[in-house]
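K.L.:
Sharing a structure with you now.
Please treat every number below as a calculation from the coordinates, not as lab data. Values in this document were obtained by computation on a predicted structure and should not be read as measured data. Every residue, glycine as well, gets a Cβ built from its backbone with ideal geometry; the counts of neighbours run over all protein chains shown.
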Amino acid sequence: MIKNRVKELRARFDYTQGELADIVGVTRQTIVALEKGSYTPSLLLAMNLAEVFKLPIEEIFTKEES
Amino acid sequence: MKMNIAVFLRIMLFISLSVMVYDYLKLEQSFIQMERGFIDGFSMYISPWPGNFFLITTLLFLLANIVIMINVWRNKNADKRSFLTFEYDVSDERAVGNTRKAVSHAFSILLIYSLLMIGSYMYIPNYFVDHIWYPLFTTASIPIVGLISYFIVYKVLQYK
């Protein structure tokens, strides 16, 4: 299972879900699903998020043993 | 909303075509019965509404198709390569993934449903002569069941 810090980082950067969605090129529903942890993004989306938050991917997404 | 309209119009298209073909079949069947001497003559009222219904549905379907296609083309985030029919949501990678899952579920349901429908012909053979609607509407129900299954699965995945 993949856990992420998107919600926390989005709040830190003061983005709304819609704004972040526009920046990374997805719909707001995808950001909602990401934050809920019900969606595992593609590598491209993960890289785009890492670029926006200026962090390496592994600091945003972590693998968790289920 | 786009998906609701797309699925609704496609179902309406199948229904309207079936209703129109049904009228034609009834007429054809009466002619055959007359040729073979089962009846001396017949009178039939052909209502214009099935044809009008089909024409209106087709026009709405084409119009909606064009509008959605333009929207997909304008959306820079859309995965245009995955856009095959306008029921498919290609607005982003998650939508494309959900569409794939919904299509595969609908396909599985269709395999079972088609088997049941074909099997049902075995138990009601007289229906083909007496009630020509049976094979026509069971055939039309196959894509309709597929579309409804696709729609339900997609909506469940969308709000998951």
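K.L.:
Return P(r) of region B:16-101 (all Cα-Cα pairs; 10 Å bins starting at 0; whole %; ordered from short to long distances).
P.N.:
It works out to 15, 27, 19, 16, 13, 9, 1, in whole percents.
K.L.:
Follow-up question, since we're still on this one. For n ≥ 4 DSSP H runs only, could you compute -39500 (n - 2.57) per run for the protein assembly as shown, divide by its residues and tell me the 222 nm figure to the nearest 500? It would help to have the intermediate numbers written out before the result.
P.N.:
On the way: 10 runs with 160 residues, N = 226.
One gets -23500 deg cm²/dmol as the mean residue ellipticity at 222 nm.
K.L.:
Let me ask you something else. Sequence neighbours fewer than 8 away in the same chain don't count; with that in mind, list the aspartates and glutamates whose C-alpha is under 17 Å from B:Lys76.
P.N.:
Excluding near neighbours in sequence, the set is A:Glu19, A:Asp22, B:Asp89, B:Asp92, B:Glu93.
K.L.:
In whole angstrom, how far apart do the alpha carbon centroids of region A:1-61 and region B:142-160 sit?
P.N.:
27
K.L.:
With a Förster radius of 25 Å, plug the Cβ-Cβ distance of B:Gln33 and B:Ile124 into 1/(1 + (r/R0)^6) and report the FRET value to the nearest 0.05.
P.N.:
The value I calculate is 0.80.
K.L.:
Label point 7 Å out from B:Lys101 along Cα-to-Cβ: which residues of region A:6-40 have amide N under 20 Å?
P.N.:
A:6-7, A:26-40, by backbone N distance to the label point.
K.L.:
Just grab the label-to-label distance for B:Met44 and A:Ile57, each label 7 Å out from Cα along the Cβ direction, in nm (one decimal).
P.N.:
It works out to 6.4 nm between the two label points.
K.L.:
I've got another one for you. Which pairs break 21 Å Cα to Cα here: B:Lys101/B:Lys155; A:Lys3/B:Lys80; A:Lys54/B:Lys101? Show your work: numbers first, answer last.
P.N.:
On the way: B:Lys101/B:Lys155 11 Å; A:Lys3/B:Lys80 30 Å; A:Lys54/B:Lys101 33 Å.
A:Lys3/B:Lys80; A:Lys54/B:Lys101, as the Cα separations exceed 21 Å there.
K.L.:
Right, here's the next one. Using the alpha-carbon atoms, what tilt in degrees (0 to 90, nearest 10) does helix B:93-123 show relative to the longest principal axis of chain B?
P.N.:
20
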